[in-house]
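The values are calculated or read from the model by the stated rules, or taken from the named source; none is laboratory data. Everything numeric here is computed off the predicted structure, so don't read it as measured data. So basically every Cβ, Gly included, is an ideal-geometry build from the backbone, and we count neighbours across all protein chains shown. These area figures cover heavy atoms from the full protein model, side chains too; ligands, DNA and RNA do not enter into them. Shrake-Rupley method; radii C 1.70, N 1.55, O 1.52, S 1.80 Å.
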Amino acid sequence: MNISKIANLKFFYTNTRKISYYMSFFVMILFIIGIYWGLFIAPEDYLQGDSYRIMYMHVPAAWLSLQTYMVMAITGFIALVWKIKIMEIISIQCAPIGALFTIIALVTGMVWGKPTWGTYWVWDARLTSELILLFLYIGVMVLYASINDKRQAVKITSLLAIIGLINIPIIHYSVEWWNTLHQGPTVTKFDKPSAHTTMLYPLLYMFIVFNIYFITVIIKRVRLGIYAREKNSKWMEEYTDD
Amino acid sequence: MKSTEISVNSATCYKNNNLIFSDVSISYNDGDIGIIMGPNGCGKTTLIRSICGIQALDEGQILLDKIDIKNHNNNYMDKIIYIGHKNSLNNDFSVYENLEYLSAFDSSSKINKINEAMKYFDIYKYRNYMVSEISEGNKKKVSLARLLISQKKVWILDEPLSYLDDTAVNIFTNLVLNHQKKGGITIASTHYDFSKNINNVKYLNMDPGR
Amino acid sequence: MINMLVKKELALYFRNLNNIFLPLVFFFLIISIFPLVLGPEKNLFDKIIPGIIWITAILTTILTSNNFFKDDFNNGIIEIYLTSDMSVELVLFLKIISCWFFTCFPILIFIPLVSLLFSIPFQNSMVILLTLFIGTPVLISIGIFGSALTLGLAKNNILTPVIIIPFYIPVLIFSASAIEAVSTGLPFEMQIYILAALLILVLPIMPYLLKYTLGLSINN
């Protein structure tokens with residue numbers, strides 16, 4: 001192991017404590033602003049009334065759930081090929097966050113589905129793909145949990161994530177195909193509440209906030225991951241003694 | 001024959017965040033017999049496996065002819081035969097079939113030497129027995145018989161002596177000596193020092209947590 | 001050498017005939033459970049029997065490929081694969097093909113019998129057969145990849161299926177869709193082509209992927 005790699009973990013751990021602390025508050029304020037904007041300022045939709053407002057949680061969560069999987073697979077790829085330790089940690093720590101986004105997207109999708117379709121769950125292409133994505137995340141997490149040597153586990157889950165990333169478009173395409181066969185065009189209004197800019201700005205804003213939230217949580221989780229990996233090392237003992 | 005050098009360069013390995021060994025360096029040249037000794041859990045198997053490229057080191061390199069094995073394209077193993085502590089035998093095959101099957105994984109092997117190899121290790125009478133029917137010691141002999149079938153120069157053996165009786169140990173020692181005379185390299189991990197009467201042995205004592 | 005390797009693969013299966021018969025028996029057992037649970041109404045089964053056949057095929061391939069590398073791992077033969085200087089990909093390819101041939105092919109042979117039991121029209125049963133013929137090698141390959149990922153973790157038999165079933169979904173969807181298309185008189189060629197494309201995509205890559213995966217997972 002060359003020194004720069006240890007230094008990398010150490011550098012990250014020792015320099016992000018304050019940043020992650022302040023970012024938590026920052027992101028909370030951003031969230032409150034976004035929720036206020038979405039729930040009270042944005043205009044009512046003439047078709048769906050107020051119920052569309054859950055879009056401001058649902059759509060960014062769904063985007064982030066995919067984006068997190070991409071981050072997990074790409075950092076996993078970097079970790080496998082160039083053996084960069086911090087990438088290993090980022091890769092595996094993405095999994096629970098991504099699963100959380102997926103669950104948020106699923107639950108808000110169900111809540112939104114009730115007024116739109118009259119039922120909580122329809123086997124619609126988006127929700128079904130999202131559900132499968134959740135299973136992909138769960139697969140990565142259970143595989144990680146069942147391998148004792150965690151550094152070994154990350155290699156295996158990185159590989160699974162990469163294969164999963166190749167598969168996601170295929171799965172998505174096939175689910176779309178399946179959906180058009182069974183559902184017809186009834187669901188197309190799902191996330192197109194007449195694209196008025198006053199509605200779209202808060203959505204864009206929430207997307208950015210979700211991204212900042214992702215970065216905040218990933219920094220926190222990577223710090224935990226570094227601690228778990230390096231707790232026996234000298235610099236960690238010195239650092240925690242201070 | 002071109003000379004061969006295998007060197008371990010300040011190797012360090014962790015498992016489950018625990019240091020197994022650190023800063024192990026040794027190098028083997030033509031005609032060397034390398035014996036890796038040490039108590040259980042000191043990383044003998046891990047070191048042997050990393051020399052074969054099965055396991056990755058956390059620090060340090062394994063060099064074959066001064067080139068890091070990671071940079072050898074697939075030709076790295078064409079000089080090396082590895083026999084692990086698991087015998088690599090399939091229970092559903094007979095002794096002969098197993099040796100035949102295993103020789104398919106070794107480009108240098110000569111199928112017509114299988115009988116000779118079995119005779120050398122005194123297991124010819126079991127040639128048509130299923131592997132599940134013979135004793136552990138005989139299984140070990142079967143897996144060691146690969147050394148005679150293969151024509152490779154570097155032998156890397158993990159616990160080659162387990163289950164072997166004294167006669168078999170002598171047979172094995174003679175085999176290693178012959179290999180040494182031909183300029184081959186043998187690297188073996190063992191508890192039992194079979195090398196008392198051999199010259200030119202390089203010992204590597206692995207203390208736990210060094 | 002290929003001759004010898006093929007012979008050895010054949011020997012592995014023929015010396016344990018259970019390896020061939022058990023998947024077949026399991027397949028019929030599961031198939032025959034459905035009428036017991038759902039009642040033997042013909043109208044119902046006309047609609048759902050293709051799905052039942054496919055789900056049963058999935059269960060069978062999962063069970064056959066679940067512990068595919070377990071013996072090789074315990075015997076140390078995986079180490080031979082990884083320290084070989086020969087083309088191990090060829091051996092792995094043969095192993096995939098032989099696994100498919102001995103566990104899925106017998107099921108394919110008996111599909112006409114299943115069609116008879118559930119009075120599936122001839123054309124539909126041929127399409128079911130075709131989708132199974134193209135689809136099961138993909139399923140087996142993916143299952144074997146899953147068993148390579150979880151090498152040495154066999155104490156948890158349900159782990160591998162949980163990881164790999166999401167990867168089965170495309171094959172399932174296109175197979176089911178082809179069968180549904182033929183039973184409603186629509187063209188089904190498109191789905192078959194996509195299935196074939198998946199097969200052509202997966203099968204040549206799989207031996208290389210398997211070798212890489214085994215190299216990582218041997219240290220599990």
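Within region C:205-220, residues that are farther than 18 Å from C:K70 by Cβ reach partners that are part of a helix (DSSP H, G or I) with beta carbons closer than 7 Å, at six or more positions or on different chains, in the pairs C:M206/C:I96; C:M206/C:S141; C:M206/C:F145; C:P207/C:E89; C:P207/C:L92; C:P207/C:F93; C:Y208/C:E89; C:L209/C:F145. Listed conditions (1) away from every other protein chain (no Cβ under 13 Å); (2) hydroxyl-bearing (S, T, Y); (3) not in a loop (DSSP other than H, G, I, E, B) are all met by C:S119, apart from (3). Return yes or no: is C:N3 modelled with pLDDT under 90 and loosely packed, with under 13 Cβ neighbours inside 10 Å? Taking the combined requirement at face value, the residue satisfies it. When you check A:Y173 against the structure, is it assigned to a helix (DSSP H, G or I), closer than 30 Å to C:M190 by Cβ, within 13 Å of chain C (Cβ to nearest Cβ) and among the hydroxyl-bearing types (S, T, Y), yes or no? Yes. Can you tell me how many residues in region C:127-169 are surrounded by fewer than 24 Cβ atoms within 10 Å (Cβ to Cβ), within 8 Å of chain A (Cβ to nearest Cβ) and of a type outside the set (S, T, N, Q)? Matching residues across region C:127-169 total 6. Annotation note: of B:D166, B:D207, B:D122, the sole residue that is of a type in the set (D, E) and touching a Lys or Arg at 6+ places or on another chain (Cβ under 8 Å) is B:D122. The set of residues in region B:50-77 that are in a strand (DSSP E or B) and within 15 Å of B:S22 (Cα to Cα) comprises B:E59, B:G60, B:Q61, B:I62. Residue under question is A:L165, and the condition is that it be facing chain C (nearest Cβ under 7 Å) and either out of contact with any Leu (no Cβ under 7 Å at 6 or more places or on another chain) or under 22 Å from C:L209 (Cα atoms) (or both); does it hold? Judged against the criteria, A:L165 is not a match.
Selection within region A:17-68: residues that are within 19 Å of the chain's Cα centre (by Cα) and of a type in the set (S, T, N, Q). The member of this set that is most open to solvent (accessible area, probe 1.4 Å) is A:Q67. Filtered by the rule that a residue be hydrophobic (A, V, I, L, M, F, W, C) and closer than 17 Å to A:L66 by Cα, region A:129-158 gives A:L131, A:I132, A:L133, A:L134, A:F135, A:L136, A:I138, A:V140, A:M141. The condition of being within 30 Å of A:A42 (Cα to Cα), assigned to a helix (DSSP H, G or I) and at pLDDT below 90 holds for only one of A:L203, A:L181, that being A:L203. Among the residues making up region B:69-98, those that are more than 9 Å from chain C (Cβ to nearest Cβ) and over 26 Å from B:I6 (Cβ atoms) are B:S94, B:V95, B:Y96, B:N98.
Checking each residue in region B:52-68 for being open to solvent by 30 Å² or more (accessible area, probe 1.4 Å), within 18 Å of B:G84 (Cβ to Cβ) and more than 10 Å from chain A (Cβ to nearest Cβ) picks out only B:G53. Looking only at residues in region B:20-49 that are open to solvent by less than 30 Å² (accessible area, probe 1.4 Å) and in a loop (DSSP other than H, G, I, E, B), which one is nearest to the other protein chains (Cβ to nearest Cβ)? Here the residue is B:G43. Residue pairs whose Cβ atoms lie under 8 Å apart, separated by 6 or more positions or on different chains, with the first residue in region B:113-130 and under 13 Å from B:I149 (Cβ atoms) and the second of a type outside the set (A, V, I, L, M, F, W, C) and in a loop (DSSP other than H, G, I, E, B), are B:N115/B:R127; B:M118/B:R127.
Here A:V122, A:V111, A:V81 are screened, and the one residue that is open to solvent by 10 Å² or more (accessible area, probe 1.4 Å), outside any helix (DSSP H, G or I) and of a type in the set (A, V, I, L, M) is A:V122. For region B:78-88, filtered to residues that are free of Cβ contacts under 8 Å to residues at least 60 places away in the same chain and open to solvent by 10 Å² or more (accessible area, probe 1.4 Å), the residue that is nearest to B:S132 (Cα to Cα) is B:N87.
Residues considered: C:I109, C:I31, C:I49, C:I53. Of these, the only one that is modelled with pLDDT of 90 or more and crowded, with 22+ Cβ neighbours inside 10 Å is C:I53. For C:F101, the test of being more than 30 Å from B:I83 (Cβ to Cβ), buried (at least 19 other Cβ atoms within 10 Å of the Cβ), free of Cβ contacts under 8 Å to residues at least 24 places away in the same chain and of a type in the set (A, V, I, L, M, F, W, C) is failed.
Kindly indicate whether any position in region A:143-162 is surrounded by fewer than 17 Cβ atoms within 10 Å (Cβ to Cβ) and at pLDDT 90 or above. The answer is yes; a qualifying residue exists.
Residues that are acidic (D, E), open to solvent by 10 Å² or more (accessible area, probe 1.4 Å) and closer than 26 Å to B:N40 by Cα do occur in region B:185-198, at least one of them. Annotation for region C:172-181: no member residue is over 29 Å from A:T128 (Cα atoms), touching a residue at least 40 places away in the same chain (Cβ under 8 Å) and open to solvent by 10 Å² or more (accessible area, probe 1.4 Å).
A single member of A:I78, A:I41, A:I54, A:I35 is β-branched (V, I, T), free of Cβ contacts under 8 Å to residues at least 40 places away in the same chain and over 18 Å from A:Y144 (Cβ atoms), and it is A:I35. Of all the numbered requirements in (1) open to solvent by 30 Å² or more (accessible area, probe 1.4 Å); (2) polar (S, T, N, Q); (3) assigned to a helix (DSSP H, G or I); (4) at the interface with another protein chain (Cβ under 9 Å from one of its Cβ atoms), B:S143 misses one, and that requirement is (1).
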